[in-house]
Structure formats: C-alpha cells, structure tokens
1. Tally the residues that are surrounded by 15 or more Cβ atoms within 10 Å (Cβ to Cβ) and within 13 Å of residue 40 (Cβ to Cβ), restricting the search to the stretch 51-81.
2. Residues of the stretch 207-236 being surrounded by 14 or more Cβ atoms within 10 Å (Cβ to Cβ) and within 16 Å of residue 190 (Cα to Cα), which ones?
3. Cβ-Cβ under 7 Å, sequence separation 6+ or interchain: first residue in the stretch 146-165 and surrounded by 19 or more Cβ atoms within 10 Å (Cβ to Cβ), partner at pLDDT below 90. Which pairs?
4. What number of residues within the stretch 23-60 satisfy the criterion of being under 14 Å from residue 96 (Cα atoms), of a type outside the set (A, V, I, L, M, F, W, C) and not in a helix (DSSP H, G or I)?
Amino acid sequence: MFTNHRGTNSSASDNQIRLHLLGGFEAQVDDHVLTLQPAMQRLIALVALSPRGVDRCRAAFQLWPDTNEERAKANLRSTLWRLNKTCGSIITATKTHLRLATDVWVDVRDGIEALASRRPATEAGFDVLMPFQVLQSELLPDWYDDWLVIERERLRQLTLNSLERRSRSALESGRTAEAVEAGLAAVAIDPLRESSRRLVVEAHLAQGNVSAAHQEYDRYSRTLAGYSGLNPTAELRSLVAGAA
C-alpha cells in the first residue's frame, strides 16, 4: 500500500511512482509527495542508482558503515519492512539482492535516456520529463554518504556525454536553438570542457551569429586561463578565426 502526504492509501498497480534524485530526494505517487524516513530514502536511492540491483550485504554495509555486520543487516531488514508498509513493492527483495521495481520512473535514469534520444525534445517528451536546467543539479546535494562520491562523478560524465550528443544531433538536424541550449547546459556543468564549448560555438555559427560565437570563445579563453593558465586548442582557435 502507498501512503501519500494526504494520508490516503492505494495499491501499487494503480499508481505511477516517480523518483527524483537530482537537486534532492523526492518520491511521488500520482503527483503526491511521499513522506519517508531518512533510512528509507537512502535505501531507495542506493538501489535506484544500481540498475542491475545491489547485493543485500553491500547495501547494509554502505548504508550503516559504523555498525557491525549483524546490526547493519538487521537495520536493512527493518527498513525494508517499514518501506514495504509505506510504499508497497517499490523495491523487489530476494534473499541475496535488492532491485528497484521496473515501473518506477527515475530522473537520473529515464530522464537521461530521453535526453540521449535523437528525436526533437517535444517528441521525446524531454521538455516535460527532464528540462536541461534540472540536469545541472547535483545528485542528492545534501547527502554526504561516501557511496555517493563515485555515483556523482559517474552521473556527471553520463550527463555531459548525453548533453553533447543531444547538441550534436540537434546541430546536424538544423535545430540550432536546441543545439545551443543543450551545449550551454553542458558548459554550466563543466566550464572547462572544450568539446561542449565547441558545440555552442558551432551552433552560433550555424545560426549566423558570428558575434555570439566570438563571445562564447572569449568567455572560454578567460575561464580556461583563470583555472589552469592554458589556452583553447588550435582546432577551436581555427574555427573561430575562420568565422571572422
């Protein structure tokens, strides 16, 4: 059974579960936000970030690292029991593994798949499911668990690569405004990444906005010099110089 913030119950089969991890944890059932204890939130997040499932012992050690083995396993069993009472079968548990239910929508998984789609944003439902601005949010920013460090960097790289693919696909299809938007979203995540800057410059040039391309190049040059004392590559310099 699911208990939403209004205190009403409904079965899992009748509800759409949406899980947001970017910018902070939030679980929704049919647009109603669930109130979950911190241990439940962390268990759901850990499992959601493990597409192939997570070993029960590993989950217990990751979530309760300061306790002994038996206590950690007991905490896991207790949290799973409370979660099942509150959220039904959001997590599928076997004797050895935990998996997220297949019908749960997760922003860091399904949103990025929509982003990577080669269809226009409106056709892919991307403008509804995962605006570019949301992707600039950090994964669970208020959490300081050790197991999130690698997950944050993995998601960061996946997001950057997906945004660049989206920008490149839009540019090749003549959707230059979308190419600029996706490229700038990648720049906001990593201002030093030249491949993202190049896409923005190329998109501006495809629009005939030579001045905007030069401004973007100048911003990148200043940022790069300020962080590392380096200069843009010869390829990017040549691209901008050829548009003068």
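1. Final tally of qualifying residues: 6.
2. 216, 217, 219, 220, 221, 223, 224, 232
3. These pairs meet every condition: 155/108; 159/112; 159/135; 162/112; 162/115; 162/116; 163/115; 163/135.
4. 3
Per-residue answers, yes or no, for (1) under 22 Å from residue 78 (Cα atoms); (2) modelled with pLDDT of 90 or more; (3) of a type in the set (Phe, Trp, Tyr):
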site: 8; (1), (2), (3): no, no, no
site: 21; (1), (2), (3): no, yes, no
site: 26; (1), (2), (3): yes, yes, no
site: 35; (1), (2), (3): yes, yes, no
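The values are calculated or read from the model by the stated rules, or taken from the named source; none is laboratory data. Predicted, not measured: the structure shown is a model, and the values here were computed from it. With ideal geometry, Cβ positions are generated from the backbone for all residues, glycine too; neighbour counts draw on all protein chains shown.
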